[in-house]
Amino acid sequence: MIARLRIAQIHGLDLRTSAIVIAQVWRSSGGQQARLARFLRAVDVCPVDERMGRDAGALLAGAGTDDPIDATVTLVAHSGDRILTSDPDDIARLVSRSGKRIAVVSC
């Protein structure tokens, strides 16, 4: 995944995610993830606040899915973006419900 994101970065694509995704991938308190930490400097990490939490819950309810991380990723994406995911079916349902034009890319 890091390699794919590096290629996107090299091609000048904006990289963005929600802060809760960091919790999903970060597994070290002692600096063992230096590569990931360096990479994250080039990523716009959007905070998950109360408003986003509410919007994510409403999006989940409307799409009939249940992963709040997927919902926040969908919310921070802009029309024209691509979302890389190992769960394309749920993300596609959330994207469809959001009304945004976002490509869902399985990885």
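Amide H contacts of Ser18 (H built 1.01 Å from N, in plane; Pro and chain starts excluded): Cys46 sit under 5 Å, all sequence-distant by 5 or more or on other chains.
In this structure, the amide hydrogen of Ile102, modeled 1.01 Å from its nitrogen in the peptide plane, lies closer than 5 angstrom to those of Gly80, counting only residues at least 5 positions away or on a different chain. Placing +1 on each Lys and Arg Cβ and -1 on each Asp and Glu Cβ, with no other charges, gives the chain a dipole about its Cα centre of roughly 460 debye. Put simply, the amide H of Leu84, placed in the peptide plane, has neighbours under 5 Å in Val105, leaving out anything fewer than 5 places away on its chain. By the helix-only formula, in which each DSSP H run with n ≥ 4 contributes -39500 (n - 2.57) and the sum is divided by residues, the chain has a 222 nm mean residue ellipticity of -15500 deg cm²/dmol.
Across segment 18-24, rounded Karplus estimates of 3J(HN,Hα) from the backbone phi angles (6.51 cos²θ - 1.76 cosθ + 1.60, θ = phi - 60°) give 9, 4, 5, 5, 4, 4, 5 Hz, Gly and Pro being marked x. Taking θ as phi - 60° and the Karplus parameters 6.51, -1.76 and 1.60, the scalar couplings of segment 90-104 work out to 5, 4, 4, 5, 5, 4, 4, 5, 5, x, 8, 8, 10, 7, 9 Hz in sequence order, x denoting glycine and proline. Its residues counted as N, the chain yields a C-alpha radius of gyration over 2.2 N^0.38 Å of 1.07. Applied to segment 81-86, the Karplus parametrisation 6.51 cos²θ - 1.76 cosθ + 1.60 on θ = phi - 60° returns per-residue 3J(HN,Hα) values of 6, 10, 10, 8, 8, 8 Hz, with x for Gly and Pro. Can you figure out the FRET efficiency of Ala103 with Ser29, using R₀ = 41 Å and their beta-carbon distance, to the nearest 0.05? It comes out at approximately 0.70.
Read-outs: derived from the displayed coordinates by stated rules, not from any lab. What you see is a predicted model, and the numbers here were worked out from it, not measured in a lab. As a convention, Cβ positions derive from the backbone with ideal geometry for all residues, glycine included, and neighbour counts pool all protein chains shown.
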